[in-house]
Amino acid sequence: MSAPVVIIGTGLAGYNLAREFRKLDQATPLVLITRDGGGFYSKPMLSNALAGNKTAEMLVMKSVEKMTEELKAVIHVRCEVISIDRSKHEVTLSDGAVIAYSRLVLAQGADPIRLPLAGDAANEVISVNDLDDYASFAARLDGVKRVVILGAGLIGCEFANDLLSRGVTPVLVDPAAWPLSRLLPQVAGVYLAQRLTAAGVDFRFEVSAGSVDRCEGGFRVALSDGTKVEADLVLSAVGLRPRVALAKAADLRVDRGVVVNRLLQTSDEAIFAIGDTAEVNGLNLPFVLPIMQQVRTLAATLAGTPTPVKYPAMPVVVKTPACPTVVAPALTGMAGEWQVNTDETGVEAKFIAADGSLLGFALLGEASKQRQTLAPQLPVWLA
Ligand SMILES: Cc1cc2nc3c(=O)[nH]c(=O)nc-3n(C[C@H](O)[C@H](O)[C@H](O)COP(=O)(O)OP(=O)(O)OC[C@H]3O[C@@H](n4cnc5c(N)ncnc54)[C@H](O)[C@@H]3O)c2cc1C
């Protein structure tokens, strides 16, 4: 029998690739390996699960047993791939097992970035990036009144809005002057901040956290303006970094992510990368829609029909019910200017090129309903 296709990771990238592959190829052996429990879940739900009173178990849509049966695959759980031997086409697992591959796919996701914080509780700052993290976060919320969140980006704002549903006051700290500062022009950011503030979020803008110390009943976070904030928990949401260590150690080409071409192939033609780990044509896009584009094309490639990935423009819906928000950022290097219409119901911000064409947008409040009309007018990201 031929060596299996081996996928490292059972997140949305790994599992969706396996599903698409099985639609095209029922015969080739398939092996998936994951450090976590292997349950199938949708990671975006981690930042709006509190509102629905969801436990980590409730977020698992399919057990690993069900996935094994559906995919006709062998799935190794709670097991880490510690090295890749490219010359032998083998991976070594943390339990000592060695698995041969015909093709290997890196779908390892990304790690939360850790801020260099001082203080005796710096190590107790949590981040929520997978089901296990969510389980321990949710378990610690009983009796909690205030949570400091470091970072007012997409994930920080979503957790803040979600915590409100539990009667918790989120204190959202960011060095920028408004939330989602890399995605929104100031007027839109100010509108979002007003809506979230009205709902109960306590913003601290233009400051950064320097240290986290234990104090009676919780933590004390010292901010760069000299103020201190006390809270029951400190959550970090300052961004993610693709997991590239394994690829780097195997001498694959790595930049921000694992560098792949349009066939999602790394510098080794038998090894591919997808999801938050991958950098396609310079684009590392840690979102669900790019993954769905990648898995369909890579499945075809692995099944024998080399198919380059294409990216339409892919707007991102921000899960802040206090202020419905959709952003479609212009790609880096696209020159343009924001044109903003605002009233009490919302903000429509369009990023317009010199020739009048639409390059990106940010829609807040009522204006978010225009997503379907505006999205088709955006330029494709990878033709
Ligand atoms: C809180 C939150 C909310 C989000 N909300 C949205 C949203 O609303 N919309 C959106 O588009 N995107 C959202 N995202 C981003 C989106 O969820 C991710 O882009 C996507 O889930 C990444 O999937 P992945 O499979 O690449 O990585 P992951 O889901 O992180 O999976 C990585 C897998 O690799 C395994 N792994 C890693 N290293 C090894 C190793 N050495 N050996 C074995 N296994 C290994 C892990 O165990 C895991 O199974 C959100 C992200 C977060 C954190």
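The values are calculated or read from the model by the stated rules, or taken from the named source; none is laboratory data. For clarity, every value in this text was computed on a predicted model and none was experimentally measured. No Cβ is skipped: glycine too gets one built from the backbone with ideal geometry, and neighbour counts run over all protein chains shown. For accessibility, only protein heavy atoms count, side chains too; no ligands or nucleic acids. Shrake-Rupley method; radii C 1.70, N 1.55, O 1.52, S 1.80 Å.
The one condition from (1) open to solvent by less than 10 Å² (accessible area, probe 1.4 Å); (2) more than 16 Å from the ligand (Cβ to nearest atom); (3) assigned to a loop (DSSP other than H, G, I, E, B); (4) not aromatic (Phe, Trp, Tyr) that residue 148 does not meet is (3). Among the conditions (1) within 14 Å of the ligand (Cβ to nearest atom); (2) on the phi < 0 side of the Ramachandran plot; (3) buried (at least 20 other Cβ atoms within 10 Å of the Cβ), the only one that residue 275 does not satisfy is (2). Elements of the type strands (runs of 3 or more DSSP E) sitting completely within segment 66-120 and holding at least 2 residues that are aliphatic (A, V, I, L, M) and surrounded by 19 or more Cβ atoms within 10 Å (Cβ to Cβ): these cover 81-85, 103-106. Looking across segment 1-48, the residues that are assigned to a helix (DSSP H, G or I), within 6 Å of the ligand (Cβ to nearest atom) and of a type in the set (Gly, Ala, Ser) come down to 13, 14, 47. Taking segment 302-335, which residues are within 14 Å of the ligand (Cβ to nearest atom) and out of contact with any helix residue (DSSP H, G or I) (no Cβ under 9 Å at 6 or more places or on another chain)? Passing the criteria: only 329.
In segment 284-383, counting only strands (runs of 3 or more DSSP E) that sit wholly within it, the ones holding 2 or more residues that are surrounded by 20 or more Cβ atoms within 10 Å (Cβ to Cβ) and at pLDDT 95 or above span 325-328, 346-352, 358-365.
Checking 87, 127, 63, 94 one by one, the residue that is of a type in the set (Ser, Thr, Tyr), modelled with pLDDT of 95 or more, more than 29 Å from residue 222 (Cβ to Cβ) and within 11 Å of the ligand (Cβ to nearest atom) is 94 and no other.
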